[in-house]
Amino acid sequence: MRFRDQAENPEDSEFADKGWTGAQAVAEFRRNAGPIVAKVGGHTHYTGVPQLTLIGPKGEQWDTIFIISYPNMQAFQTLLDDPEYKKHFFHRKAGTADSRLIRMSPFVEMEESGD
């Protein structure tokens with residue numbers, strides 16, 4: 001996730017005049033979304049601040065990375081449909097300049113064929 005320098009809140013939002021940075025807006029989103037993520041069975045495994053991209057597009061920079069797992073796709077869809085989650089989603093949108101959301105499955109080691 002890459003943050004905006006300044007959050008871009010809707011003008012009619014109570015947060016429009018707060019002068020928040022993108023990081024502050026995303027922090028507000030995560031503060032409100034965290035309990036909802038937990039309610040659907042989501043679990044944050046890792047949150048960190050990238051320091052150096054060893055392999056990747058030159059100049060691409062990220063402000064934070066986090067990994068959250070859900071019991072299944074239905075749990076994630078339940079999160080997205082939750083009215084309380086939707087109510088706070090604008091903070092994420094206001095504070096985010098760019099992001100990646102990548103659905104993954106557990107890695108399964110391939111057995112060596114012995115050929």
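The values are calculated or read from the model by the stated rules, or taken from the named source; none is laboratory data. Source: prediction; values computed, not measured. Glycine gets a Cβ as well: all are built from the backbone with ideal geometry, and neighbour counts include every protein chain shown. All accessible areas refer to the heavy atoms of the entire protein, side chains included, with ligands and DNA or RNA removed. Shrake-Rupley method; radii C 1.70, N 1.55, O 1.52, S 1.80 Å.
Taken over region 21-48, the criterion of being in a loop (DSSP other than H, G, I, E, B) and either among the hydroxyl-bearing types (Ser, Thr, Tyr) or modelled with pLDDT under 95 (or both) is satisfied by 21 alone. For region 16-58, the set of residues classified as within 27 Å of residue 73 (Cα to Cα) and among the hydroxyl-bearing types (Ser, Thr, Tyr) consists of 44, 46, 47, listed by residue number. Residues in region 23-49 that are open to solvent by 30 Å² or more (accessible area, probe 1.4 Å), touching a strand residue (DSSP E or B) at 6+ places or on another chain (Cβ under 6 Å) and not polar (S, T, N, Q): 23, 43, 45, 46.
From the list 53, 44, 21, 64, the lone residue that is under 21 Å from residue 93 (Cβ atoms), of a type in the set (Val, Ile, Thr) and without any contact (Cβ under 8 Å) to a residue 60 or more places away in the chain is 44. Out of all the residues in region 72-114, which are under 16 Å from residue 35 (Cα atoms) and not charged (D, E, K, R)? Once the filter is applied, which keeps residues that are under 16 Å from residue 35 (Cα atoms) and not charged (D, E, K, R), region 72-114 yields 75, 76, 77, 78, 79, 80, 83, 85, 88, 89, 91.
When residue 18 is tested against the conditions (1) of a type outside the set (A, V, I, L, M, F, W, C); (2) surrounded by 12 or more Cβ atoms within 10 Å (Cβ to Cβ); (3) at pLDDT 95 or above, the lone failure is (3). In this structure, is residue 97 touching a residue at least 40 places away in the same chain (Cβ under 8 Å), buried (at least 16 other Cβ atoms within 10 Å of the Cβ) and of a type in the set (Gly, Ala, Ser)? Judged against the criteria, residue 97 is not a match. Report whether or not residue 12 is at pLDDT below 95, open to solvent by 60 Å² or more (accessible area, probe 1.4 Å) and either of a type outside the set (D, E, K, R) or not in a helix (DSSP H, G or I) (or both). Taking the combined requirement at face value, the residue satisfies it. Considering only residues that are charged (D, E, K, R), touching a helix residue (DSSP H, G or I) at 6+ places or on another chain (Cβ under 7 Å) and assigned to a helix (DSSP H, G or I), look in region 53-110 and name the one that is farthest from residue 5 (Cα to Cα). Result: 84.
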